[in-house]
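Visitor: Input: one structure, supplied below.
Read the figures in this text as sums done on the coordinates, not as results from a lab. All figures in this text were calculated on a predicted structure; none of them were measured in a lab. For neighbour counting, all protein chains shown are included, and Cβ atoms are generated from backbone atoms with ideal geometry for every residue, glycine included.
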Amino acid sequence: MGLIDLPDDVLFDLTWYLSIEDVLSLKQTCRALHAFGSSDYLWRRMIQDVELPLDLPSGVRTSSLSHDELRSAAIKAMRLDANWSRRKPLLKRVKPLVRDGNGPFVDDVQFVPGGKWLLTVQRYLQIHWTTRIVLWSLEDLENAYRVAVIETTGSHRSSSLDVQDDGQSITVVTGLSGCQEILEVYAISLQDPDDFSYHITATPPLSRRIVLPPHPRDPEQTPVIHELTAVEDVIAGTALVNEHLSLQIFLASSESGYFRWVDPEITESISISWVKLYNGHLILLGMIGPSLVLRIYKLPNAVNGGLHAGSSGLLDQGCADLGPVIYQASQELKHETELQNISRVSSPSTSSISVLMIYTLRNQPTSIGQVMRFSLPFSPRTMSFACETKYFLLSSEVWVPLAQVGPTGRAVWLDHNWETERRSLLRYHPRPCVAIYAERITFDGIR
């Protein structure tokens, strides 16, 4: 009996053990297996296990896409990954976007998976602090241009962006500091092809403004925004709420203006560093003693209902209980004699989330990077680890701004050596059985 003689349900069970590359090869063997490998159902299931960033808007459900659309997105992601893994990646084009060398420093950069859209954030001081947020179109690298420019009063704290409405708009949420700590929400339309063809830069209006209220436990203190993340119309973030630098979690709605402080049930002393949202869940990453702990909570119905309620500007008094932890993992950090210099956390995928930390060593000639990849329970295919960690060496006296890390542990950053004033683009690429060093990226034909 050959493969083509097996019932479809048995073949579907066998594909749990196959990669996308295997399925693509299987399709080339005969007409029957080509038809089987072109099933929408198969690709909707297979795409859930793709750990690479896919060029799919977050507002689009994979159940609404055909196998051709899903296959194209997966192949594009694998080609980008293969190029990234090269010793000298092939580079289409180098284009300077922010040209003003004497102007405001770039505080933050964020890519939408697939590389079509880039968000840059700058701040500068005139009479008052001003934040400039620019959304760039990178679909045509020969003619990259500004889609929208936002100029707003206040010093930038954190920003997040999310593709909405089947890819027809992008929501930008930014946290600002001034007389108050404020969340501002902007909706940028991507629908007008005439504006795009003439590269007309939009100035999107402010669609929602939320002032952070005092925390119930510290009503006399003004909270300070630490970090933001936005998915669809839900905003999650952390804020410093007292002089002891205690980080607390809040949830808000970019659509209704609903705001609520939330309180996870934690008996240990924990320093909350990041929160992320994924499919109705809140992912919390924080320090407990010498370990980094990941905990996942399901957003309670009371909070979920408020976030999606139609009432505008609703503020619930008190803290909402997040309920029990539904998943937990931990990883011990490096030695206590090391100083944490920089840390970044990736967006979550169905199967993993990664954290990049770089340490400056006391009385040592080198720095050390650490990448921790935590397994997540959202994929039907269970990972073989709860958390895996890798270390790599860096030169001394470096500053690592604008670092980025992906859910699979790939990381890239701009290295600045203060002694030589040399800047380099470095990356960490997890490879088995290879010496662990940060690699300087060099491109063919590019210095």
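Visitor: Starting from the 7 Å offset along Cα-to-Cβ, what nm value, one decimal, do you get for the label separation of Asp68 and Tyr124?
Guide: A separation of 4.8 nm, rounded to one decimal place.
Visitor: Treating only the Cα positions of segment 3-85 as identical point scatterers, give the base-10 log of I(q)/I(0) from the Debye formula at each q in 0.11, 0.19 Å⁻¹.
Guide: Here log10 of I(q) over I(0) equals -0.30, -0.85.
Visitor: Sticking with this one: Can you give the FRET efficiency to the nearest 0.05 for Gln168 and Ala35, using r as the Cβ-Cβ distance and R₀ = 35 Å?
Guide: Result of the calculation: an efficiency of 0.60.
Visitor: Ok, one more. Between Asp321 and Gln404, how high is the FRET efficiency from 1/(1 + (r/R0)^6) when r is the Cβ-Cβ distance and R₀ = 22 Å? Nearest 0.05.
Guide: Calculated transfer efficiency: 0.05.
Visitor: Still on this model: Going by how many other beta carbons lie within 10 Å of each one, how would you line up Tyr17, Tyr278, fewest first?
Guide: Listed from fewest to most nearby Cβ atoms, that is Tyr17, Tyr278.
Visitor: Using 0.36 nm per residue of separation minus the Cα-Cα distance, give me the extension gain between Gln328 and Glu220 in nm, one decimal.
Guide: Full extension of this stretch gives 35.5 nm more.
Visitor: OK, next. In the structure displayed, which of Lys27/Lys76; Lys298/Lys390; Lys27/Lys116; Lys116/Lys276; Lys76/Lys116; Lys88/Lys116 lie more than 24 Å apart, Cα to Cα?
Guide: From the list (Lys27/Lys76; Lys298/Lys390; Lys27/Lys116; Lys116/Lys276; Lys76/Lys116; Lys88/Lys116), the Cα-Cα distance tops 24 Å for Lys298/Lys390; Lys27/Lys116.
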